[in-house]
Amino acid sequence: MSRLHQKVALVTGAARGIGAAIATQFVKQGAIVFLTDIDDVLGLQLAVGLGAQASYQHLDVREEGQWQIVCERVLQKHGRLDVVVNNAGITGFEQGFRQHDPEHASLEDWRAVHQTNLDGCFLGCKYAIRSMRAKGSGAIINISSRSGLVGIPGAAAYASSKAAIRNHTKSVALYCAEQGLAIRCNSIHPAAILTPMWEPLLGNDAEREGRVQAFVKDCPLQRFGHVDEVAALAVLLASDEATYMTGTELNIDGGMLAGTAQRPTMVKTN
Ligand code: NDP
C-alpha cells in the first residue's frame with residue numbers, strides 16, 4: 001500500500017465526491033496530500049480525519065493569486081510538489097435547472113462554467129509545471145469527462161469546457177516533453193459516477209430510483225460508477241508505474257463510449 005510513498009500531492013475540489021476519494025486513496029498509498037476546495041468546513045473535516053499525512057488549504061481554482069500562495073506554501077514546507085490533480089468542476093446546475101443548450105444558454109452561465117472547469121485547469125497546470133520544474137518531474141492529472149468526448153446538447157458549456165481540458169492536457173504533455181521535463185500530464189474521463197454532483201438531478205423523492213434507472217439505462221454495466229473506481233486510475237497515473245504515460249486519456253464509463261445507445265437490430269440469416 002505505498003505506491004505513492006512520500007509523494008507530495010495537491011488535489012482540487014477535494015472536500016467531497018471524486019476529489020475526496022482521490023485524496024483518501026493517495027493518503028492510503030503513502031502520499032502527503034494537500035486537500036484544497038472552496039468548502040472549507042467539509043475539506044478541513046476530511047483532512048483531519050485522514051490524519052497527519054493530510055492537510056487542508058482553501059483554494060478557489062479560478063483565482064490565480066490563490067494558486068500562487070498555495071503552491072508557495074507547499075514548496076516552503078516540502079521543497080517539492082510531485083502530483084497535482086485538477087479535479088474541481090461544476091456542471092452549472094448546482095442551483096437548479098438552467099438552460100444550457102447552444103441556443104438559450106446565457107453568456108454569463110457559459111462563462112461561469114468555463115471559468116471553474118477550464119480556467120481552473122489551465123491555472124492548475126501552469127502552477128504545477130512551475131512548482132515541478134526545479135525537480136524536473138511530476139504528474140498532472142486533469143479530470144475531464146465523457147462529456148469532453150461527445151456533444152451534450154442540454155449541457156453545452158460543461159461539454160465544451162471538458163473537451164477543452166482534454167485538449168489542453170495534450171498541449172501540456174507535449175510542452176513539458178519539449179522542455180526536457182519528466183512532467184507527465186494525462187486526463188481521466190469519467191461518466192455517471194455517483195457523487196453529490198448528481199443530487200440536484202436525482203432528487204430525493206419517490207421518483208429517485210426511477211431517475212437512477214433512466215440515467216444508467218444506456219450504460220452497458222447498468223449502474224453508476226463508484227468514486228473509488230475513479231481514484232484507482234488517479235493512483236495509477238500519479239505513481240511511478242505510469243512513467244511512460246503522457247498526453248493519454250483514460251475513459252471510465254461502464255462501457256458507454258465503447259458502442260452506441262442505439263444497438264443494431266440483429267437480423268437472423270440462414
Ligand atoms: P462534486 O460536486 O461532488 O465535488 C466538486 C467539489 O469541487 C466540491 O467540493 C465543490 O465545492 C468544489 N468546487 C466547486 N467549485 C470550485 C472552485 N471554484 N474551486 C475549488 N473547488 C471548487 O463533483 P464530483 O466529485 O462529481 O466531480 C469531480 C470532477 O469530476 C468534476 O470536474 C466533474 O466535472 C468530473 N466528473 C464527474 C462525473 C460524475 O458523474 N460525478 C462525470 C464526469 C466528470 P462546493 O460544493 O462548495 O461547490
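What follows is calculated from the coordinates using simple rules that are stated; it is not laboratory data. These numbers were taken from a predicted model, which means no experiment stands behind them. Reconstructed Cβ throughout: ideal geometry from the backbone, glycine too, with neighbour counts over all protein chains shown.
In a fully extended conformation the segment linking A214 and M245 would gain 7.6 nm over its present Cα-Cα distance, using 0.36 nm per residue. Here the gap between S106 and E94, fully extended at 0.36 nm per residue and compared with their Cα-Cα distance, gives a gain of 2.8 nm. Taking amide H as placed 1.01 Å from N in the peptide plane, the amide H of V85 sits under 5 Å from that of L10, V11, T12, I141, each at least 5 places away or on another chain. Note on region 81-108 and region 210-270: Cα centroid distance 21 Å, given to the nearest whole angstrom.
With N set to the residue count of region 1-130, report its C-alpha Rg divided by 2.2 N^0.38 Å to two decimal places. If you can, show how the numbers build up before the last one.
Values: Rg = 15.6 Å, N = 130, 2.2 N^0.38 = 14.0 Å.
Dividing the Cα Rg of region 1-130 by 2.2 N^0.38 Å gives 1.11.
If R0 equals 22 Å, the separation of the Cβ atoms of H226 and H5 corresponds to a calculated FRET efficiency of about 0.30.
Could you give the DSSP H helices of the chain that reach 20 angstrom or more along their long axis (alpha carbon positions) and whose average Kyte-Doolittle hydropathy is no lower than -0.5? Don't skip to the answer; put the middle values down first.
Numbers: long enough: 64-78 (21 Å, -0.75); 156-178 (33 Å, -0.03).
Length and hydropathy pass: 156-178.
Entry note, region 137-261: relative contact order of 33 percent, from Cα contacts under 8 Å with a spacing of 6+ residues. Expressed to the nearest 5 percent, the antiparallel share of DSSP beta bridges inside the chain is 0 percent. Hey, what did region 206-270 get for relative contact order, percent, Cα under 8 Å, at least 6 apart? Averaging sequence separation for qualifying contacts and normalising by length gives 41 percent for region 206-270.
Across all Cα pairs in region 198-270, the calculated P(r) in 5 Å bins from zero up to the longest distance comes to 3, 12, 15, 15, 16, 13, 10, 8, 5, 2, 0 percent per bin.
Straight-line cross-link partners of K135 among the aspartates and glutamates, defined as a Cα under 13 Å from its Cα and at least 8 positions apart when in the same chain: D82. Most tightly packed first, judged by the mean number of other beta-carbon atoms within 10 Å of their residues, the peptides 12-18, 242-248, 146-152 read 12-18, 146-152, 242-248. Among the GluC sites (Glu not before Pro) found in region 64-146, those both in a DSSP coil and sparsely packed, with 16 or fewer other Cβ atoms within 10 Å of their Cβ, are E94, E103.
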